[in-house]
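**Student:** First the structure, which I've put down as structure tokens, then a few questions once you've had a look.
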Amino acid sequence: AVCRDHTGLYLGSSVVVYNGVFYPTILETYACREAPALASDLQVSYMIIASDCQGVVNDINQGTGGPHSAIIQEILGRRNMFTSVSFVHERRNFNFEAHNLAKLACNLQSGRHLWLGHPYNQHIVPMNITDNQ
């Protein structure tokens, strides 16, 4: 998960490394669950959570579950902790930071890793996305 403010300025990022979980849809659902946890750490109350997995976004927005219904229910339960939460689909080519962070996570130990204020590596996650345009 990567958190930015409305101007594109980096606020924080986090990854959770799970051993033995390889199914992409489940991992994307876990990422959508991690986003509100990161927002809570950063004391953010308004957020838009973008995922490149349309099926997961649909399951969250429609309240359906499929193979990951327990995780979806947990995400829906956490929505009440925030003023505004939206889940949107974002094409994979615009979601490069999350994929770079996921690649980094392959080299980390199991558990949650959190970076507040400064990313682990500014080449992986830049401080301000408006500087790259």
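The values are calculated or read from the model by the stated rules, or taken from the named source; none is laboratory data. Remember, it's a predicted structure, so these values are computed and weren't measured experimentally. Note that each Cβ is placed from the backbone with ideal geometry, even for glycine, and that neighbours are counted across all protein chains shown. Surface areas here come from the heavy atoms of the whole protein model, side chains and all, with no ligands, DNA or RNA. Shrake-Rupley method; radii C 1.70, N 1.55, O 1.52, S 1.80 Å.
**Student:** Which numbered condition in (1) touching a residue at least 40 places away in the same chain (Cβ under 8 Å); (2) within 10 Å of the chain's Cα centre (by Cα) is the only one that LEU11 fails?
**Tutor:** Condition (2) is where LEU11 drops out.
**Student:** Moving on. What are the pairs with Cβ atoms under 9 angstrom where one residue, in region 18-36, is of a type in the set (D, E, K, R) and the other, located anywhere, is assigned to a loop (DSSP other than H, G, I, E, B)? Sequence gap at least six, or different chains.
**Tutor:** GLU28/ASP52; GLU28/CYS53; GLU34/ALA1
**Student:** THR25: assigned to a loop (DSSP other than H, G, I, E, B), out of contact with any Ser or Thr (no Cβ under 7 Å at 6 or more places or on another chain), open to solvent by less than 70 Å² (accessible area, probe 1.4 Å) and of a type in the set (Ser, Thr, Tyr), yes or no?
**Tutor:** Working: assigned to a loop (DSSP other than H, G, I, E, B): no; out of contact with any Ser or Thr (no Cβ under 7 Å at 6 or more places or on another chain): yes; open to solvent by less than 70 Å² (accessible area, probe 1.4 Å): yes; of a type in the set (Ser, Thr, Tyr): yes.
It is false that THR25 is assigned to a loop (DSSP other than H, G, I, E, B), out of contact with any Ser or Thr (no Cβ under 7 Å at 6 or more places or on another chain), open to solvent by less than 70 Å² (accessible area, probe 1.4 Å) and of a type in the set (Ser, Thr, Tyr).
**Student:** Taking the condition of being more than 15 Å from LEU116 (Cα to Cα) and within 8 Å of the chain's Cα centre (by Cα), how many residues in region 31-45 meet it?
**Tutor:** Count: 3.
**Student:** Could you list, in sequence order, the residues of region 70-97 that are modelled with pLDDT of 90 or more, open to solvent by 50 Å² or more (accessible area, probe 1.4 Å) and more than 13 Å from ALA39 (Cβ to Cβ)?
**Tutor:** ALA70, GLN73, GLU74, VAL88, HIS89
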